[in-house]
Amino acid sequence: MKIGVFDSGVGGLTVLKAIRERFPSVDLLYLGDTARVPYGDKSSQTVIRYSLECAEFLYNEGVDLIVVACNTASSYALEALREHFSLPIFGVVEPGVKRALKSTVKGRVGVIGTKATISSGSYERMFREYGVEVFQKACPLFVPLVEEGIVEGEIAKRVVEHYLKELKSSGIDTLILGCTHYPLLKPIIEEYMGKGIDVVDSAECVAKELEPIVEEVGSSSLELYFTDRSPSLDFLVDFILGKPVEYKLLSLPCKV
Ligand code: DGL
């Protein structure tokens, strides 16, 4: 079985890593659209178009299922992707919501994400059905911080404080990292939010969601593709996956 995973950049590697940890014996194919990152400040039409192009590449490579390892793409493009491709397609929003519903005692959940994810209302709509109160905050500087490799130290701490100050005092007991780049900032976010706030990483949640469908086959290839070699790419691949991994470059929409 071959699982295809895509994201606007390197953030989805956090999902890829969680999938690899849960299923050591499947083939994995990853596409990070580093030439067009961030998706989080694009219009919904553009996010849908980019997502279709990413999925088409994975589909043509013969994957058996696709994981949309990007909250922005999951918020806007899931329906279009499911219409276009006759494969199981998993997003990251619903698994995070399910996990947060198990965790919250007070029924007060925080969601942080890109501007596009937050303004899509994708999390809010799902939580409303369960009578959970949602406190949202777009954190637009988090993605460039991560893409620059600034995931610890004073600058990262100051930016985290800047965006999360209000959420910290809003009475939430659960905070969803509603962007696949954010797990890289999780230690700082947890430290800032303090004990008593469960920080939910949707990367782990989506890997769990695949359990009923994934069949481990004994082979465990890992192929990475990116659409641009950004300056921090090598560092980030190494940092997120815990070792350097070779990758190839391609242009979308045409495969090279
Ligand atoms: N990783 C993407 C997400 O989960 C966000 C990055 C971007 O803005 O492209 O939303």
Inset, instruction - Take the Cα coordinates of the range 123-216, assign each an equal point scatterer, and use the Debye formula without solvent to give log10 I(q)/I(0) at q = 0.25, 0.26 Å⁻¹. - result: -1.39, -1.45
Inset, instruction - Mind checking the per residue accessible area of the chain for me, 1.4 Å probe, whole number of Å²? - result: 44 Å²
Legend entry - For the range 184-255, diffusion coefficient by Stokes-Einstein and Kirkwood Rh (Cα), 25 °C, 0.890 mPa s, µm²/s: 156 µm²/s
Inset, instruction - Beyond 22 Å, what share of the Cα-Cα pairs of the chain is found? Please give it as a whole percent. - result: 51 percent
Legend entry - Normalised contact order of the chain, rounded percent, pairs of Cα under 8 Å and 6 or more residues apart: 28 percent
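For the chain, what does -39500 (n - 2.57) per DSSP helix run (n ≥ 4), summed and divided by total residues, give at 222 nm, in deg cm²/dmol to the nearest 500?
-13000 deg cm²/dmol
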Legend entry - Principal axis box of the range 99-176, alpha-carbon based, largest edge first, Å: 37, 24, 20
Inset, instruction - Quick one: Debye curve from the alpha-carbon atoms of the range 1-116 only, equal weights, vacuum; give me log10 I(q)/I(0) at q = 0.12, 0.20, 0.22 Å⁻¹ to two decimals. - result: -0.42, -1.09, -1.26
Legend entry - Sulfur and carbon atoms: percent of accessible area, the chain [1.4 Å]: 49 percent
Inset, instruction - Please list, or write none, the aspartates and glutamates whose alpha carbon is within less than 13 Å of the alpha carbon of K2, excluding same-chain residues fewer than 8 places away. - result: D27, E61, D64, E215, E216, E223
Legend entry - Nearest-ten-degree value, helix 13-22 long axis tilted from longest Cα axis of the chain: 80 degrees
Legend entry - Of K98/K248; K157/K248; K137/K157; K165/K195; K17/K248; K186/K243, pairs whose Cα-Cα distance is over 23 Å: K98/K248; K157/K248
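The values are calculated or read from the model by the stated rules, or taken from the named source; none is laboratory data. Quick caveat: nothing in here was measured; it's all calculated off a predicted structure. Protein only, heavy atoms only, side chains kept; ligands, DNA and RNA dropped before computing areas. Shrake-Rupley method; radii C 1.70, N 1.55, O 1.52, S 1.80 Å.
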